[in-house]
Amino acid sequence: MIKSCPIARIIKRDGSVVRYDRSRIANAIAKAVASEGAANPLLAEAMAEKVETALASAYGSAVTPSVEDIQDVVESVLMENRLARVARSYIIYRHQHAMARAARAYDFEVTDNVPYKAIYEVLRWNMEHSCESLPALNRIIARGEFPSLVAEADRRYALEIERAAEQILERRNRARIVVVAGPSSSGKTTTTIKLSERLGRAGIGFKAINIDHYFFDLNRHPRDEFGDYDYEIPQALDLALINRHLVRLLDGQAVKTPHYDFKVGSRIPEAHEIKLEKNEILLIDSLHGLFGPMTESVPADYKFKVYIETLGQFRVENGVFMRWADNRLLRRMVRDKDHRNLKPMATLTHWHYVRKSEIENIIPYIKHADVIINSALPYELPILKRRLFRHFVGGIHAYRDDPKRLDAHIRVNRVYALLKPLRPVRDESCIPSDSLLREFIGGSRYQY
């Protein structure tokens, strides 16, 4: 008799929460099995049961997994049970469904609520510059053309900043707040700085407010069974205080913002004074800048919202596109290792918090953005590999036999397989000091 699963609900790609249904897993596996020859509903049901057992061990009743999480577990279980051909068919089935969703929503939205047109433009740019796949990128490196790719990619990013700034200037008579939002390690801080430089050249004054200083004290944050804190949810911030301060700033009043000390996990009240003049724009760089309650006290037409994401359309050796979240994970691992004294595998095991919060609290609000900027740099992966690959080699075996670390096990193996055939680049001298990548690898002329 099949035991009941403690997971009751799951998170869909658009951030909505729906009832968990084991039959959907069994049906998808059955289709993959049938594509390999003959239908075998008993095998499909048996594998679905194993998937459910793995989900229960990894997530339990306290965590709501995403559709992405569940599909990753299905692939892992099929491979562990020596059903490699079925796993391959399932991956193809999964990819075909993603493409079908894209085709149905061509003029509107696709993966992670980003408009399909934006994704297509990224793919077209990559193809025009021969950097759309891992083999193509290896050829660029082998031919000594890497510095040229760096220059071209940085020009593309600068052009997107310019276009966003032009739209902000068109609304300068009304917009008082520019919000730069996006998921972890998407490059929000560099983008905010570059936008402020461009606005400054146009004669627009600005002030920046650091939302990270509004975190609640750490003793108000719950810890998981591994002792890890969840800073990723918007509710970890004092949203009420943020809104009070925004109202006062737009009214021309001075406010004293808090200062958050991440080393001790506590907030010092009224530490930084800020006042917004009539001709100035307030810049907000925040993970959850699009989250409604973050700025609900401000009229909609007072806000210009920028969303930034690593929209890289980069195929690995099996033809599947690299996940945007994996790109950002690599950035954050480097930054945490070099600048926050955090081991790369600690960043990786915390990543399930990051991705869960993105799906629930960021992705549903992308449609409210006024402009979307792609921060993926085709040249960054060879740089990141040199700094991180040895950690993935060690991590391959670390979580293999720990069912509660299934998410980390799946992720470390996927990224390891991505990086292994890629040529690393050791000479970083061609990367300019104002490159967005410098936000993560160091050597930037900007102060972060």
Report yes if some residue within the stretch 212-221 is modelled with pLDDT of 90 or more, in the same structural domain as residue 341 (by TED's automatic domain parsing), farther than 22 Å from residue 346 by Cα and not aromatic (Phe, Trp, Tyr); otherwise report no. yes
Being closer than 27 Å to residue 189 by Cβ and exposed (fewer than 14 other Cβ atoms within 10 Å of the Cβ) is the filter here; which residues of the stretch 403-442 pass it? 426, 427, 429, 433, 442
Quick check, is residue 84 surrounded by fewer than 16 Cβ atoms within 10 Å (Cβ to Cβ), modelled with pLDDT under 85 and out of contact with any Leu (no Cβ under 7 Å at 6 or more places or on another chain)? yes
I'd like to check something: does the stretch 386-394 contain any residue that is more than 26 Å from residue 192 (Cβ to Cβ), free of Cβ contacts under 8 Å to residues at least 24 places away in the same chain and assigned to a helix (DSSP H, G or I)? yes
Can you name the condition, by its number, that residue 255 falls short on among (1) in a helix (DSSP H, G or I); (2) surrounded by 14 or more Cβ atoms within 10 Å (Cβ to Cβ); (3) at pLDDT 90 or above? (1)
Go over the candidates 376, 408, 325, 346 one by one and state the one that is under 13 Å from the mean Cα position of the chain (by Cα) and in a helix (DSSP H, G or I). 325
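Every residue, every condition in (1) crowded, with 21+ Cβ neighbours inside 10 Å; (2) at pLDDT 95 or above; (3) of a type in the set (Gly, Ala, Ser); (4) in a loop (DSSP other than H, G, I, E, B), yes or no:
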{"position": "243", "(1), (2), (3), (4)": "no, yes, no, no"}
{"position": "249", "(1), (2), (3), (4)": "yes, yes, no, no"}
{"position": "263", "(1), (2), (3), (4)": "no, no, no, yes"}
{"position": "268", "(1), (2), (3), (4)": "no, no, no, no"}
{"position": "272", "(1), (2), (3), (4)": "no, no, no, no"}
{"position": "306", "(1), (2), (3), (4)": "yes, yes, no, no"}
{"position": "312", "(1), (2), (3), (4)": "yes, no, yes, yes"}
{"position": "331", "(1), (2), (3), (4)": "yes, yes, no, no"}
Can you find a residue that is hydrophobic (A, V, I, L, M, F, W, C), closer than 18 Å to residue 327 by Cβ, in contact with a Ser or Thr (Cβ under 7 Å, 6 or more places away or on another chain) and buried (at least 21 other Cβ atoms within 10 Å of the Cβ) anywhere in the stretch 389-402? no
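Quick grid of which residues meet (1) farther than 18 Å from residue 21 by Cα; (2) at pLDDT 85 or above; (3) not charged (D, E, K, R):
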residue	(1), (2), (3)
52	no, yes, no
66	no, no, yes
72	no, yes, no
80	yes, yes, no
89	yes, no, yes
94	no, no, no
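The values are calculated or read from the model by the stated rules, or taken from the named source; none is laboratory data. Please read these numbers as outputs of a predicted model, since none were measured by experiment. Note: ideal-geometry Cβ built from the backbone for every residue, glycine included; neighbour counts use all protein chains shown.
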